[in-house]
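Every read-out reported here was derived from the displayed coordinates using simple, explicitly stated rules and does not represent laboratory data. Since this is a predicted model, take the numbers as computed values, not measurements. Every residue, glycine among them, receives a Cβ derived from its backbone with ideal geometry; neighbour counts consider all protein chains shown.
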Amino acid sequence: MDTQGGVLQALARQARFLTTALRRLAAGARIFQLGHRMGDPMQETEFVTMPDSGAGYPVLRVRNLKTYFDTDRGLVKSVDGVSFDIAPGETLAVVGESGSGKSVTSLSIMALLDKAHGKVVDGVMAFRSKDGRTQDLRVASEAEMRKIRGNDISMIFQEPMTSLNPVFTVGDQIAESVVLHQKLSRPAARKAAIDMLKVVGISAAEKRVDDYPHQMSGGMRQRVMVAMALSCRPTLLIADEPTTALDVTIQAQILDLMKRLQREIGMSILFITHDLGVVAEVAERVAVMYGGLIVEEGDVVSVLTRPKHPYTIGLLNSVPGARRRSGEEEGPKRLYAIPGNVPDPRNRPAGCLFAARCTHAIDACRAEMPPLLDTGGGQAARCIRWQEVAS
Amino acid sequence: MSTAGDAAMVGPDADKPLLSIRNLKTHFAIGGGLLRPKGGAVRAVDDVSFDISRGEVVGLVGESGSGKTTIGRSILRLVKPTGGEVVFDGVDVAALTAAEFQPYRRRMQFIFQDPYASLDPRKSVGAIIGEALSIHRLGTRAERPGRITHLLEQVGLGADAMARYPHEFSGGQRQRIGIARALAVDPEFIVADEPVSALDVSVQAQIVNLIQDLQTSLGLTMLFVAHDLAVVEHLCDRVIVMYLGRIMEIAPKAALYSRPRHPYTKALLSAIPRVDPTIRKERILLEGDIPSPINPPSGCVFRTRCPYAIDACADVVPPRVTVGENHVSACIRTELT
Ligand SMILES: Nc1ncnc2c1ncn2[C@@H]1O[C@H](COP(=O)(O)OP(=O)(O)O)[C@@H](O)[C@H]1O
Ligand SMILES: Nc1ncnc2c1ncn2[C@@H]1O[C@H](COP(=O)(O)OP(=O)(O)O)[C@@H](O)[C@H]1O
Ligand code: SF4
Ligand code: SF4
Ligand SMILES: [Mg+2]
Ligand SMILES: [Mg+2]
């Protein structure tokens, strides 16, 4: 693997980056003038929780993100107006069923969309990098994005095999990512790779460093991915269903590892999952997605124990064992099942996207899209009847 | 060893279980390739014995690679067992010729995890279900459309599904088609292999309810394979916990979830993320991965990851110890738990 070339490339990138950085600064500053309107329960909230961390503002602030795909069968509005903040050191879980737009949200942030068909058509993604500069990832150049992806934001996916190169040893691949950030000699890089494997809890690291990805188990490969993703000590880690393909025992190991390294590095995590149990395990705050929109948001305990949106309530009730938690001795004879199906992303109804499946729906719900309403305590729900629903 | 403990394994209707598995072994020979020693075998299922009573729903759980699917496939003869008995309704079906087994093919059906892979994409739903009926010569040609319509209704699909093709359906609807096809031939026993594992939670709830309703109304006996212990708790009467080809624990549902006895079961249950963030429970974090079934650890196969392991655990395969009513655990240190 040509590690020296990598270093030169990185330096060149840095030089080009500096010239554009100043230009971007002004745009970044403007973004943070967005106000915080809260209080009136029928007033749309601009965002739900402004983290009150001493560091000032969030690492990532996404506003009104819209990402559409042009397909043979029509326009797919995969993400259709998503807003959220991630505070320094915080884990935000984005939870939702398949097709709700979780992965497209993360790929939009990383500028890794399939550009032939997909495009961010609206919104702002204000990201604050390590050096304190803020820029809108939507308008960042490809060169700037490469630098950000190598230094500030890392990503891990459900299936590590797709991001590991099958023809290089894991040691070579970790070494390459280490060399990109710390200018090391080859032997030193190999040593660093072994150390990284140890940090992520791979036993016999001196031997494993020469393994090819296929020689490792799924859990070990995910550890290698975590090692590579964290080698640059990123500010933000985007983890897209990183444990979905793993057994619960291995999932517990990986979640434990991620939490430990988060404490050490102090990074924020955008954790994408469809598993509400994993949300409870890893996140401080959670955003529930449905049909390309956030339908509920708040701190984990509030949302999972006092959900306000009928979809969140339905999802929680669908989890086996859910109703016994709420005090019933025996579990229910039948699971609660949300009636109907997710609306076709090419042909979404007017008004509330959940109306066709919602037992609380009234005509007003179908008239126009409900705004995300502040329900108090840093929680918000995209439901005009949340007060009736919750009572 | 399993003969000694077998009496403890028998289900509630002890006189006549519908299914009795005895010392089942299914090993897969691995060819003398470049990297693997010639003559080795994957010991996917190693000396497994259990019973299932009529009308009972038994869950089969364990990490991937523990042999769950292979047990299901061995029972239905989708794979040939290396040894042991599969006694179905009094007959060891593992010992039958293909022709003798034919009637049992109707009585035992399989529901797959990925219904898409198991449904012929070129055939309409009506043709797929019709084929199951004609293979087993059920009903006349004239009766079949009515029967198919009825089956589709039973699984919550409209009669218009008949003329459509598998790709036109969502994952949950395809699973309904797979269930309709399995039910078409009036089976008594069903192996459901992770039928809801690939589905989103709201769809999963619909399919779990469907399986439960059909099981009750048709009086089906079922082996429900899953790695999701919460679904198993909801659906099953009894649970079998597997690890590396062997049974670790068998218990009625209530006992297993309230007081698991085997160290592996304890670790497995403790690893499930709970939806309620206010519950903070003790987690037993297992180290490492499940070992290779080509060369499993001697004695207790769980010993390389067991927090309670002692030297003696390497010596003998732990016999089953009765720890409660219909409750057995294969651990030599049961007194600890
Ligand atoms: N490359 C693509 N081309 C067309 N449609 C896409 C593409 N990627 C995603 N989509 C569509 O966007 C929607 C959201 O997808 P995704 O973000 O992957 O969902 P999730 O990750 O929540 O399961 C889905 O309807 C999906 O079909
Ligand atoms: N046809 C086969 N040939 C070789 N090995 C197999 C075959 N089928 C399964 N195995 C192996 O047998 C073990 C048990 O597999 P399986 O029964 O699928 O486990 P589970 O369903 O519990 O995940 C695994 O190690 C698997 O790789
Ligand atoms: S806005 Fe209306 S239809 Fe939508 S979730 Fe609320 S009550 Fe249901
Ligand atoms: S026999 Fe030994 S290794 Fe096996 S489960 Fe019991 S204590 Fe653990
Ligand atoms: Mg996704
Ligand atoms: Mg399986």
So, for the Cα atoms of the range B:145-246, Rg and Dmax in Å stand at 14.3, 46
In degrees, nearest 10, the alpha-carbon axis of helix B:171-183 is tilted away from the dominant principal axis of the alpha carbons of chain B by 80 degrees
Ordered by number, the GluC sites (Glu not before Pro) in the range B:224-282 that occupy a DSSP loop and have at most 10 other Cβ atoms within 10 Å are B:GLU282
Any GluC sites (Glu not before Pro) in the range B:84-181 that lie in a DSSP loop and have at most 14 other Cβ atoms within 10 Å would be B:GLU143
Taking every C-alpha to C-alpha distance in the range A:205-283 and binning by 10 Å from 0, the per-bin percentages run 17, 51, 28, 4
Compactness check, the range A:253-391: C-alpha Rg relative to the 2.2 N^0.38 Å globular estimate gives 1.15
So, for the Cα atoms of the range B:55-180, Rg and Dmax in Å stand at 16.5, 47
With +1 at each Lys and Arg Cβ and -1 at each Asp and Glu Cβ, the charge dipole magnitude of the range A:239-324 around its Cα centre, to the nearest 20 debye, comes out at 340 debye
For peptide B:266-273, the mean count of other chain Cβ atoms within 10 Å per residue Cβ is 5
In cubic angstrom per residue, the convex hull of the range A:119-165 built on its Cα atoms measures 113 Å³
Of the candidates B:SER118, A:VAL121, B:PHE101, the farthest towards the positive dipole end of the protein assembly as shown (Lys/Arg Cβ +1, Asp/Glu Cβ -1, centred on the Cα centre) is A:VAL121
In Å, the Kirkwood hydrodynamic radius from C-alpha pairs for chain B sits at 21.1 Å
Gyration tensor (Cα only) of the range B:186-226 to equivalent ellipsoid, semi-axes in Å sorted down, yields 19, 12, 6
Each residue of B:288-299 has, on average, a number of other protein chain C-beta atoms within 10 Å of its C-beta equal to 2
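Per the Kirkwood definition applied to all pairs of different Cα atoms, how many angstroms is the hydrodynamic radius of the range B:177-313?
Taking every pair of different Cα atoms in the range B:177-313, averaging 1/r and inverting gives 17.1 Å.
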Longest principal axis of chain B (C-alpha) makes with the long axis of helix B:98-107 (C-alpha) an angle, in degrees to the nearest 10, of 80 degrees
Inter-part gap, Cα centre of the range A:183-235 to Cα centre of the range A:147-162, in whole angstrom, is 15 Å
Check: C-alpha center the range B:262-283 vs C-alpha center the range A:272-290, spacing in Å is 17 Å
Given all pairs of distinct Cα atoms, the range A:118-243 yields a Kirkwood Rh in Å of 15.5 Å
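Report the rotationally averaged projected area of the range A:85-168 based on its alpha-carbon convex hull, in square nanometres.
7.3 nm²
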Fewest to most Cβ atoms within 10 Å: B:SER49, B:SER66 sort as B:SER49, B:SER66
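So for the protein assembly as shown, Kirkwood radius off the Cα pairs, Stokes-Einstein at 4 °C and 1.567 mPa s: how many µm² s⁻¹?
Here the translational diffusion coefficient equals 46 µm²/s.
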Sparse-neighbourhood loop hits (trypsin sites (Lys or Arg not before Pro), the range B:277-315; DSSP loop; Cβ within 10 Å at most 13 others) -> B:ARG280, B:LYS281
In terms of the charge dipole of the protein assembly as shown, which places +1 on Lys and Arg and -1 on Asp and Glu at the beta carbon, the residue among A:VAL300, A:ASN341, A:ASN151 farthest towards the positive end is A:ASN151
Magnitude of the Cβ-charge dipole (Lys and Arg +1, Asp and Glu -1) of the protein assembly as shown about the Cα centre, nearest 20 debye, reported as 1480 debye
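Relative contact order for chain B: what is it in percent, counting Cα pairs under 8 Å that are at least 6 residues apart?
Taking the mean separation of contacting Cα pairs over the length of chain B, I get 21 percent.
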